[in-house]
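Report on one structure; see the data block that follows.
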């Protein structure tokens, strides 16, 4: 091609060679052995129990939005764990490599990670946490909840939904394989021009970074289109825009951002690829390139992306607070307007990521003011949540604790964000760990909302509640870890510690780094608590079974259908009369009214095409990374041919007859009646508490 | 604000969807495709922004600039070919309204041939530039010029494949809900590429020629 490759290249394997496998690395080689053994055990167990057919038929080829959502969440949790391990490694290196007398092992002068390896770890940590943990987790929840909340049987495009999942899975696989084959990018998760150019980063790390991100962007764009079209077109009769559940509004605003911003990322990455693969000069230091063009293009996507991940989290909090305050959400209209305002302002603030570019006082002032504007709609949201809880009948279960924790973190992160919005302050703390602590506070808002949602919606998806004791244990450990890691980090930022130090020169910072290391150990305990939580909950699931309305105080439509949700969601689609339809029906005692007769419904067939296309996009990404041109052409052609073949075949779908539906529904009702008998009656209390209107709980003993 | 005023009488309220309304497949698909085209528009907007930043005198680094090699009449011929292609597709869609299969096929065939003319002119232009030693590696400005125009040409290329596929589908399957929906989305795609070409022609070719 047009660029001179350092190192070897062969037509058959491209840049791939045995020397690219880091079998001599004392960290990666044992990890690789562990992964291989783990994989053999898992695959062996699946074979031993004969679950391959089940896995293929029920999960890998499914187009059911709930199963796809669950798989999104599994990918997100696995990647969250991987990103957490990266964080643990970063903290351990920084607590170890302090001062010139600190020891070094594994070929590192100080600490245990060489600078090149450390660079890969923090780059992978950032990319994974934002794009392969937070994003799939949120997309997963939107996938599961949005169609049920609007009273639809599936997404607008079920097959496209499966395709989006498998492309995201391909991206996750690509970044995971970079651990064992070649290197990952070492220049930070958002990279810098011109260090990502071929002459400064000759390895495949940046190429892995390009194609991983490109695949995530593609998958998220497809998912965004799907969710938008679903919300616009698939709402149940009677559900006008004013009756839309608030999480649906949050998803809508988030996906407007996704749809419009991800193309900017795709172009930015495409131009980097043009530089690295074709010898173009978009971002080179000479030859007429423009370095800051890259930074601008990246953050034109990057900042809207931040709100793309925070808005669904706000939506989740807006569902949890009313349910456990037994009050309708305070200020529904203002909440909707605030979400839309945040989505709009998200486009006007990207330059605050690099005030130090030197664009001059007028440009910096404009972006500073625009950034501070974000505080207005966000403040509206915070007050709305506070007023929702005000004089409500609060239940402090684990889901509620996570939501309240998110609220406190939002205050801390938001206030430091306002500080950073002032260019005069920003120049002082630019690229310090103060900034790192700020955006971790914000991203932890999302993590808190996600864990709250896992607890809140788990019974809806699986039919039983998670264990409260271990969920609360996990919450307190996690919160202690958050405080222990990030309070010292804010302080170190003020003391001038810059980010991404693989060697900390100032021994005076050792005590703070020690506290942070202790904090990450506490975080590790919370991860253990999460595993125990899953184990205990699955072990005791028979005791914790729930009916349709798992919490007894739920408000929106997903709590009307059975738990776990049947694959057709609603046997008969509900007609929507009120904003909080379930709470309204419960209040008026008509929540047990069943449909009189069942009609035939039409459902889409499963398809194996989506997972095959996902596999092919992985092959394409891998071939592009290693410049195996024949494989690029073969996989691209295979993708095109497969898409054309599928378009000829189409999907006629299948029919579930009304009689069949009635049989399944009656069985579900019988199961629910058994659960209600086995539990004692729900607590009952009055309808009006203080001055706040509170809908009555459903008293199943009547 | 603490409670939402109830306006529906629960005793008479309609609780289930008894009218058995079904979703309009074609309108759902065209909406989704329209959303995709919005993202495609954003993609070109970003490329235009990059071109704007990289079209200063210093962006060409003393190398060739569009003013030296752009031939406005040549690209005008491309413009006419692409517009006539969209027009032919429009005639084909008019035939669809009258359930006239051969009229549709003829329109699409004409659209295909004119699209191929556009693409051949583009490839000829690029190979001519290559023979003069002008590539996207010449300078930052030429990188922006080449990538913007060739990303558009790539869209045309995939549009042409799509036209062929749709001709085959109409001939084998006739006018089904699926094929008609796809004909409509293809029309949106084809039209948008012509609209984007207007911007490419004006801001890249004409502006490059005069500056």
Would the range A:560-575 turn up any residue that is closer than 20 Å to residue A:146 by Cβ, in contact with a strand residue (DSSP E or B) (Cβ under 9 Å, 6 or more places away or on another chain) and at pLDDT below 90?
yes
Provide a single number: the residues in the range B:175-211 that are over 22 Å from the mean Cα position of the chain (by Cα) and surrounded by 17 or more Cβ atoms within 10 Å (Cβ to Cβ).
1
Out of the residues in the range A:275-285 meeting the condition of being in a helix (DSSP H, G or I) and over 17 Å from residue B:53 (Cα atoms), tell me which one is nearest to the other protein chains (Cβ to nearest Cβ).
A:278
Being surrounded by fewer than 22 Cβ atoms within 10 Å (Cβ to Cβ), more than 14 Å from chain B (Cβ to nearest Cβ) and either more than 22 Å from residue A:316 (Cα to Cα) or touching a residue at least 24 places away in the same chain (Cβ under 8 Å) (or both) narrows A:510, A:587 down to just A:510
Just checking, which of A:222, A:163, A:215, A:179 is more than 14 Å from every other protein chain (Cβ to nearest Cβ), outside any loop (DSSP other than H, G, I, E, B) and over 28 Å from residue B:19 (Cα atoms)?
A:215
Among the candidates B:89, B:130, B:33, residue that is within 14 Å of chain A (Cβ to nearest Cβ), surrounded by 16 or more Cβ atoms within 10 Å (Cβ to Cβ) and either touching a strand residue (DSSP E or B) at 6+ places or on another chain (Cβ under 8 Å) or assigned to a helix (DSSP H, G or I) (or both)
B:33
Among (1) over 28 Å from the mean Cα position of the chain (by Cα); (2) at pLDDT 90 or above; (3) closer than 27 Å to residue A:123 by Cα, where does residue A:4 come up short?
(2)
For the subset of the range B:8-30 comprising residues that are at the interface with chain A (Cβ under 7 Å from one of its Cβ atoms) and closer than 21 Å to residue A:223 by Cβ, which member is modelled with the lowest pLDDT?
B:23
Report yes if some residue within the range A:619-631 is away from chain B (no Cβ under 13 Å), buried (at least 21 other Cβ atoms within 10 Å of the Cβ), touching a strand residue (DSSP E or B) at 6+ places or on another chain (Cβ under 6 Å) and not in a loop (DSSP other than H, G, I, E, B); otherwise report no.
yes
Restricted to the range B:45-62 and to residues being facing chain A (nearest Cβ under 8 Å) and not in a helix (DSSP H, G or I), the residue farthest from residue B:178 (Cα to Cα) is B:61
So residue B:71, is it at pLDDT below 85 and either crowded, with 18+ Cβ neighbours inside 10 Å or more than 7 Å from chain A (Cβ to nearest Cβ) (or both)
no
When residue B:42 is run through (1) in a helix (DSSP H, G or I); (2) without any contact (Cβ under 8 Å) to a residue 40 or more places away in the chain; (3) surrounded by fewer than 19 Cβ atoms within 10 Å (Cβ to Cβ); (4) within 14 Å of another protein chain (Cβ to nearest Cβ), the failure sits at (3)
Return a yes/no flag: does the range A:470-493 have any residue that is crowded, with 23+ Cβ neighbours inside 10 Å and farther than 30 Å from residue A:433 by Cβ.
yes
Looking at this structure, is residue A:649 more than 9 Å from chain B (Cβ to nearest Cβ), at pLDDT below 95, surrounded by fewer than 18 Cβ atoms within 10 Å (Cβ to Cβ) and within 30 Å of residue B:25 (Cα to Cα)?
yes
When you scan the range A:499-508, do you find a residue that is under 21 Å from residue A:67 (Cα atoms), within 27 Å of the chain's Cα centre (by Cα) and not in a helix (DSSP H, G or I), even just one?
no
Going residue by residue through the range B:141-153, is there one that turns out to be assigned to a helix (DSSP H, G or I), farther than 20 Å from residue B:53 by Cβ and out of contact with any strand residue (DSSP E or B) (no Cβ under 8 Å at 6 or more places or on another chain)?
yes
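Results for (1) assigned to a helix (DSSP H, G or I); (2) more than 11 Å from every other protein chain (Cβ to nearest Cβ); (3) farther than 23 Å from residue A:212 by Cβ, shown as yes or no for each residue.
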| position | (1), (2), (3) |
| --- | --- |
| A:263 | yes, no, no |
| A:267 | yes, no, no |
| A:273 | yes, no, no |
| A:292 | yes, no, yes |
| A:306 | yes, yes, no |
| A:316 | yes, yes, yes |
Does residue A:320 fit the bill of being in contact (Cβ under 8 Å) with a residue 60 or more places away in the chain, away from chain B (no Cβ under 11 Å) and part of a helix (DSSP H, G or I)?
yes
Being assigned to a loop (DSSP other than H, G, I, E, B) and more than 8 Å from chain B (Cβ to nearest Cβ) is the filter here, so list the residues in the range A:564-584 that pass it.
A:564, A:565, A:566, A:567, A:568, A:569, A:570, A:571, A:576
Within the bounds of the range A:36-49, is there any residue that is closer than 24 Å to residue A:113 by Cβ and surrounded by 12 or more Cβ atoms within 10 Å (Cβ to Cβ)?
no
Can you go through A:174, A:228 and tell me which one is modelled with pLDDT of 95 or more, closer than 19 Å to residue A:313 by Cα and touching a helix residue (DSSP H, G or I) at 6+ places or on another chain (Cβ under 6 Å)?
A:228
What is the number of the single condition among (1) closer than 30 Å to residue A:203 by Cβ; (2) in contact with a strand residue (DSSP E or B) (Cβ under 8 Å, 6 or more places away or on another chain) that residue A:675 does not meet?
(1)
Answer with yes or no whether residue B:172 is surrounded by fewer than 20 Cβ atoms within 10 Å (Cβ to Cβ), assigned to a helix (DSSP H, G or I) and either over 13 Å from the mean Cα position of the chain (by Cα) or within 12 Å of another protein chain (Cβ to nearest Cβ) (or both).
yes
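One line per residue, one yes/no per condition, for (1) within 14 Å of another protein chain (Cβ to nearest Cβ); (2) in a loop (DSSP other than H, G, I, E, B):
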position: B:118; (1), (2): no, no
position: B:121; (1), (2): no, no
position: B:126; (1), (2): yes, no
position: B:134; (1), (2): yes, yes
position: B:159; (1), (2): yes, no
position: B:179; (1), (2): yes, no
position: B:186; (1), (2): yes, no
position: B:190; (1), (2): no, no
position: B:195; (1), (2): no, no
From A:542, A:550, which residue is more than 30 Å from residue B:10 (Cα to Cα), part of a loop (DSSP other than H, G, I, E, B) and away from chain B (no Cβ under 14 Å)?
A:542
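The values are calculated or read from the model by the stated rules, or taken from the named source; none is laboratory data. Note that the structure is predicted; figures quoted are calculated from it, not measured. So basically every Cβ, Gly included, is an ideal-geometry build from the backbone, and we count neighbours across all protein chains shown.
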